[in-house]
Amino acid sequence: MGSGLIIAALLSGCRQETPVLTGIPAEALLERTASAAERRDQLSEDLPDIDTVPYALPDGVYIDVSRLTSRPFRDSRDEIGDQLGELISTRTLHDGITEMAFERAVIRLLDDHIFMLRVSLPEPMRRSESLQLLGFPLFVDRYLSFHREFRLNHTWDFRRIRLKREAARSEMITEIEAWKWIPGEHSQRR
């Protein structure tokens, strides 16, 4: 009985009220924070709904080519009418491709998406000015130069952008043709 009492005394004497690791507070370090979904919902309440904010053509842009070629045709009808003018003609080409001529541009559609947009510029202008007029950035690293056109390949999410020259040696551009993709291009490769 004496040894049990000694062990009990030793165990009770070893018990400390202060924690073994110092510097750690007894209360929780982290309080519960809002989850990602709760933060997103809170932010979305503060921001206007994207669908209620109307699109406005940027200042100095004649036709916003990137905007028109990035959405389905059915969702862009109003913007297409505003930017391209009245529909002049429609014709069906091969493999389900539809070509529509408007007052200011010609578009080609496949599966309700615009894959090509050709714009005749209001007047001949330099390369950088003509690109800026269609909503593209002002500067380009390198153009491919051909007899009657300058060309950009795989630039700004477009497969090809053709800048047609006024004359063979002219630096002035009269028309730009922007191809988002080229139908059938990859299906013909083996």
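What follows draws every value from the coordinates through simple rules; no lab data is involved. Everything numeric in this text was worked out from a predicted model, so none of it was measured. Note that we place each Cβ from the backbone using ideal geometry, even for glycine, and neighbour counts take in every protein chain shown.
For H113, list long-range residues whose amide hydrogen, built 1.01 Å from N in the peptide plane, is under 5 Å from its own amide hydrogen.
Under 5 Å from the amide H of H113: F73.
Tally Lys and Arg at +1 and Asp and Glu at -1 over the other residues with C-beta under 10 Å from the C-beta of E171: what net charge comes out? Before the final figure, lay out each step's value.
Numbers: positive: R126, R127, R165, R169; negative: E166.
With Lys, Arg at +1 and Asp, Glu at -1, the neighbours total +3.
At q = 0.10, 0.12, 0.17, 0.23 Å⁻¹, work out log10 I(q)/I(0) for segment 63-179 with the Debye formula, treating every Cα as an identical point scatterer and leaving solvent out; two decimals please.
-0.29, -0.42, -0.83, -1.37
Counting Lys +1, Arg +1, Asp -1, Glu -1, what net charge surrounds G81 among other residues with beta carbon under 12 Å of its beta carbon? Before the final figure, lay out the partial values.
Details: positive: R77, R104; negative: D78, E79, D82, E86, E103.
Here the charged neighbours net out to -3.
Could you check the spin-label model distance between R91 and R74? Points 7 Å from the Cα along Cα→Cβ, value in nm.
It works out to 2.7 nm between the two label points.
To the nearest 20 debye, what is the magnitude of the charge dipole of segment 63-179 about its Cα centre, counting +1 on the Cβ of each Lys and Arg and -1 on the Cβ of each Asp and Glu? Before the final figure, lay out the partial values.
Values: 19 positive and 20 negative charges, 112 e Å.
With only Lys, Arg, Asp and Glu charged at Cβ, the dipole is about 540 debye.
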